[in-house]
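Q: Below you'll find the structure I mean.
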Amino acid sequence: MKSLLPATAGAAGILFMSPATADDLKVASGHAEILVQRDASWNGKRYTHYPTSAPQLTVLRLTIPPHSALPWHTHPVPNAGYVLQGQLTIHDKATDEKKTFRQGEAFTESVDDAHRGESGDTETVLILVYSGTSGQKTTIPLPGQKSEY
């Protein structure tokens, strides 16, 4: 950044900094850390295909209160999540299998398998990314269940 006052302004002077210009920026690559990269969901079910029409990505932030279970639901498209805060236990309805993901961990969800998320002792905050198509739902509640969100 460039100072708006001459260098002779001294210690008693107030320095004002202008924002960096494009000429001040150096070109550098970012550091990428793969959080999750899989061809199957957390419980091992392989993904078979993407929708055949134009894709639409959906990214959402989901907050779950402490000691809560989301309604039973399925996802028609592949998706992945990241735990920003708290913990999430994914519970598979058919097998009763469970797996817990904690703050800072990423996970992949199953397609067409009934499951639900369960929070722990604190509020759980997730970032979820869905690979669907325009107008397609990202989550489908089981009959008699409320929507996941």
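Q: Would it be correct to say that Val129 is among the hydrophobic types (A, V, I, L, M, F, W, C), in a loop (DSSP other than H, G, I, E, B) and surrounded by 15 or more Cβ atoms within 10 Å (Cβ to Cβ)? Step through it out loud before you land on a result.
A: Numbers: among the hydrophobic types (A, V, I, L, M, F, W, C): yes; in a loop (DSSP other than H, G, I, E, B): no; surrounded by 15 or more Cβ atoms within 10 Å (Cβ to Cβ): yes.
Here the answer is no, as Val129 does not meet what is asked.
Q: Which condition from (1) outside any strand (DSSP E or B); (2) at pLDDT 95 or above is the one that Phe101 breaks?
A: (1)
Q: If Phe101 satisfies all but one of (1) touching a residue at least 12 places away in the same chain (Cβ under 8 Å); (2) open to solvent by 40 Å² or more (accessible area, probe 1.4 Å); (3) more than 17 Å from Tyr149 (Cα to Cα); (4) of a type in the set (A, V, I, L, M, F, W, C), what's the number of the condition it fails?
A: For Phe101, the failing item is (2).
Q: Would you mind stating whether Glu109 is of a type in the set (D, E, K, R), closer than 17 Å to Ile127 by Cα and open to solvent by less than 50 Å² (accessible area, probe 1.4 Å)? Steps first, answer last, please.
A: Values: of a type in the set (D, E, K, R): yes; closer than 17 Å to Ile127 by Cα: yes; open to solvent by less than 50 Å² (accessible area, probe 1.4 Å): yes.
Yes: the conditions hold for Glu109.
Q: Working carefully through the options Thr63, Thr52, Thr95, Thr58, find the one that is touching a strand residue (DSSP E or B) at 6+ places or on another chain (Cβ under 9 Å), open to solvent by 20 Å² or more (accessible area, probe 1.4 Å) and assigned to a loop (DSSP other than H, G, I, E, B). Give the steps one after another, and end with the answer.
A: On the way: Thr63 fails: assigned to a loop (DSSP other than H, G, I, E, B); Thr95 fails: touching a strand residue (DSSP E or B) at 6+ places or on another chain (Cβ under 9 Å); Thr58 fails: assigned to a loop (DSSP other than H, G, I, E, B).
Just one listed residue meets the conditions, Thr52.
The values are calculated or read from the model by the stated rules, or taken from the named source; none is laboratory data. For clarity, every value in this text was computed on a predicted model and none was experimentally measured. So basically every Cβ, Gly included, is an ideal-geometry build from the backbone, and we count neighbours across all protein chains shown. Just so you know, the surface numbers come from the protein's heavy atoms only, side chains and all, with ligands and any DNA or RNA stripped out. Shrake-Rupley method; radii C 1.70, N 1.55, O 1.52, S 1.80 Å.
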